[in-house]
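Visitor: One structure coming up, written as structure tokens, with questions to follow.
Read-outs throughout are calculated quantities, based only on the coordinates presented, and are distinct from any laboratory measurement. Quantities reported herein were computed from a predicted structural model and do not represent experimental measurements. We place every Cβ from the backbone using ideal geometry, glycine too, and count neighbours over all the protein chains shown.
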Amino acid sequence: MTTESGVPVDRAITPAVRLSDARLSFGSRTLWEELDLEVAPGEFVVVLGPNGSGKTSLLKVLLGQLALSRGSATIGGAPARTGNPHIGYVPQQKTIDAGVQLRGVDLVGLGVDGHRWGLGLRNRAERARRVRAAIADVGAQGYADAPLESMSGGEQQRLRVAQALVGDPRVLLCDEPLLSLDLANQQLVAELIDRRRRTSGTAVLFVTHEINPVLPLVDRVIYLVNGRFRIGTPDEVMTSAVLSELYGTDVEVLRVRGRLVVVGTGDTMDALGTAGAHCHGAEEFGPGVARNGARA
Ligand SMILES: Nc1ncnc2c1ncn2[C@@H]1O[C@H](COP(=O)(O)OP(=O)(O)OP(=O)(O)O)[C@@H](O)[C@H]1O
Ligand SMILES: [Mg+2]
């Protein structure tokens, strides 16, 4: 069997990620519940939803940083736990604090699992080789030795991706990894992640407000809104009917030249929150399609 994007998947083998009857609540507020999700090795799953819908929290559950209120979360069949070397993580972007004297190459080095490489000379050389290769993969050789605080947001972001990949993870959790990247670098990072899951069978959970740059790669979408969610292929989830139901208001999904534009007007735009900003890449269409999709 192959996934939506053509990657062969054997669903009989242990899922890379499994959430069963998962609920996450903070006090009396439930972000999501009755969530069942299995991600196969090599599968590319996009996590969509407005601000505060619980996308980052979902990744934190898999990282063992947040405990479920109910149900279970496993990585490669074992309970989610902190410090899992099988997970690569690109956190939601924060600008590096001024005064942190870390170079790009040091940041990437933090992603190498210390246990695996130890401190022997050969291992140290191998570690350095790995770090350099990961930096080259994201095209950051030109500035990786500079202090992080001197870099642009996009340059920092590429190094974060290198850090997440350097440990050869089985599961890659990316929280808005394309943020602050220009179009060329969005494509570079998306292709890098895609190549990794195709060659190494890395399962990818990819949080984004902009599905279009990765739309051709996506196997399934999980769309979270106010405690409701839908899981399915992009064709199943990204429809006017499904999104209107999730948001509880009229939302229209337009397909323009292979891209998705989520359109709402007036109150609907407010309800969409940043999903309105995920009027996916509307500004790329040039004249004719306004940012809010009104003239599409
Ligand atoms: N440890 C916590 N304790 C209490 N509330 C929390 C905690 N972590 C997250 N929340 C709340 O859960 C909600 C979901 O947060 P989360 O960061 O998962 O949203 P998100 O979907 O990633 O949003 P964004 O698109 O803005 O990044 C927010 O309202 C947040 O304040
Ligand atoms: Mg978030």
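Visitor: With each pseudo-label sitting 7 Å past Cα toward Cβ, what's the R23-R70 distance in nm, one decimal?
Guide: Inter-label distance under the simple model: 0.2 nm.
Visitor: Rounded to whole Å and ordered largest first, report the semi-axes of the equivalent ellipsoid of region 122-261 derived from its Cα gyration tensor (root of 5λ).
Guide: Semi-axes (√(5λ), whole Å): 34, 16, 13.
Visitor: Once you sort the root eigenvalues of the Cα gyration tensor of region 157-234 as a ≥ b ≥ c, which label holds: rounded (a/c under 1.5), prolate (a/b larger than b/c) or oblate (the other case)?
Guide: Prolate.
Visitor: Sort the following peptides by mean Cβ neighbour count (other Cβ atoms within 10 Å, averaged over residues), highest first: 136-143, 14-21.
Guide: Highest mean packing first, the order is 14-21, 136-143.
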